[in-house]
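Reading through the structure tokens given below for one structure.
The values are calculated or read from the model by the stated rules, or taken from the named source; none is laboratory data. Quick caveat, the model's predicted, so the values are computed rather than measured. Don't worry about glycine lacking a Cβ; one is built from the backbone with ideal geometry, like all the others, and counts go over all protein chains shown.
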Amino acid sequence: MSHSNTAFHDLLKPVSRHEFEALAREHHQGQKLRSATRWDQFLGMALSQVAGRQSLRDIEANLQAQQGKLYHLGGKPIARSTLARVNEKQPYQLYEALFSKLLTRCQSLPGQRRFRFKNPLYSLDASLIDLSIHLFPWARNNADKASVKLHVGLNHERMIPEFVSISDGKQSELIAGRGFDFPRGSIIAFDKGYVDYGWYKSLTEKGVFFVTRLRPNSIYKVLERREFIKGQGVTSDQVIQLSSAHALKRGAPRLRRVGFRCPETGRHYVFLTNNFKLSARTIADIYKDRWQVELFFKAIKQNLKIKAFVGTSRNAILTQLWIALCTYLLLSFARHSARAGWTVQRIMRVLQGNLFEKKTLKELLNPDPPDKTIEPQMRLYL
């Protein structure tokens, strides 16, 4: 095996160095970098994401310790002062563009369908990332809070964030959601924070389906009562027309109202959709599967470095966030080298202590089973 083929080297293989350098030239500002390159920046920041490094000093020390192995990755250690300056001054758009390149490759990976229908399924949601108002005054939301907001359209088949936008914390989720161009025939699940009757009309005209919750105070007229299979939790299946003055002015289309009582909790839910073909129970299950986007936000906040930042400028924050999202896609690639059922979190735990082991990801994530012919006491001495 080549001495350069470490687990970290294998993790970065989906990143085309040729494409990266082209993007770096396109997204460059100011004089030519002398003491470090954008590739050095990416290696240091990606390493901090996977290895859990909390500060610039910590990143610098870790890079120095692995200097020989970085050489075979085409990089070199970067001083913390240089890394801080590059993070602050060089455009974050490089890593936004790199994310798009990696996303295109991820879309070719085999996925796993949870439903019988072939429509692409997405969950749409947003999550606040809290910041200190004293260190990040540019991100002020109100008198005593600061934050940025991560908007995501999660692809359920591959569990990857296929649509991503990062905004100020005070921006409405709806604005970002309307900006995502979901493919025709896809199904989007989102909560009541995305109520916009004009958007409902636009999605319907584009051939995009949605499943959401009906607000309790909504005014509507029942146009048709549909038959449904009893005993599956479904309590009603109706065709309705939202009839408030606002809904009519915004051109709300005819929609389907599905009532469902959860067998586990006994709670009653009312769903709203523009899909008239799928069964009522499937509509309820689609909304239930929206929980996957909540699990995604939980996973990246617990495992990647998107709550503790190594810079304070807007550019530095966005640089770190986009590199974290690129790292998540790289881990999604790694998941296809691991045993079936392994999560990104589990892969992260294995990688953190073995990044510079001279093993491929496949070897690291698929260890040989223990030799059962050896007595358990003897294994301690092997």
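For the reader, a short list of remarks on this structure follows.
- Just one residue in the set Leu242, Leu304, Leu272, Leu255 is under 30 Å from Leu43 (Cα atoms), crowded, with 21+ Cβ neighbours inside 10 Å and either modelled with pLDDT of 95 or more or in contact with a Leu (Cβ under 9 Å, 6 or more places away or on another chain) (or both); that residue is Leu304.
- For the stretch 36-94, filtered to residues that are at pLDDT below 95 and hydroxyl-bearing (Ser, Thr, Tyr), the residue that is nearest to Glu357 (Cα to Cα) is Tyr71.
- Where Leu295 falls short, out of the listed (1) free of Cβ contacts under 8 Å to residues at least 24 places away in the same chain; (2) touching a helix residue (DSSP H, G or I) at 6+ places or on another chain (Cβ under 7 Å): (2)
- The set of residues in the stretch 331-349 that are free of Cβ contacts under 8 Å to residues at least 24 places away in the same chain and surrounded by 19 or more Cβ atoms within 10 Å (Cβ to Cβ) comprises Arg335, Ile347.
- All told, Leu83 falls short of being over 16 Å from Cys326 (Cα atoms), assigned to a loop (DSSP other than H, G, I, E, B) and touching a residue at least 40 places away in the same chain (Cβ under 8 Å).
- The set of residues in the stretch 229-248 that are under 19 Å from Lys192 (Cβ atoms), out of contact with any helix residue (DSSP H, G or I) (no Cβ under 6 Å at 6 or more places or on another chain) and not in a strand (DSSP E or B) comprises Ser243, Ser244, His246.
- The listed residues are Gly251, Gly311, Gly266, and the only one of them that is assigned to a loop (DSSP other than H, G, I, E, B), touching a residue at least 60 places away in the same chain (Cβ under 8 Å) and of a type outside the set (D, E, K, R) turns out to be Gly311.
- Test for Trp342: is it of a type outside the set (Ser, Thr, Tyr) and under 18 Å from Leu109 (Cβ atoms): yes
- Some residue of the stretch 42-56 being assigned to a strand (DSSP E or B) and among the hydroxyl-bearing types (Ser, Thr, Tyr): no
- Where Thr282 falls short, out of the listed (1) of a type in the set (Val, Ile, Thr); (2) in contact with a helix residue (DSSP H, G or I) (Cβ under 6 Å, 6 or more places away or on another chain); (3) closer than 30 Å to Pro161 by Cα: (2)
- Close pairs from the stretch 91-102: first in contact (Cβ under 8 Å) with a residue 12 or more places away in the chain and on the phi < 0 side of the Ramachandran plot, partner of a type in the set (Gly, Ala, Ser) and part of a helix (DSSP H, G or I), Cβ under 9 Å, at least 6 apart: Tyr92/Ala316; Leu94/Ala24; Leu102/Ser332
- Breaking point among (1) hydroxyl-bearing (Ser, Thr, Tyr); (2) touching a helix residue (DSSP H, G or I) at 6+ places or on another chain (Cβ under 8 Å); (3) in a strand (DSSP E or B), for Tyr95: (3)
- Unique match (being surrounded by 12 or more Cβ atoms within 10 Å (Cβ to Cβ), of a type in the set (Lys, Arg) and assigned to a loop (DSSP other than H, G, I, E, B)) among Lys69, Lys13, Lys32: Lys13
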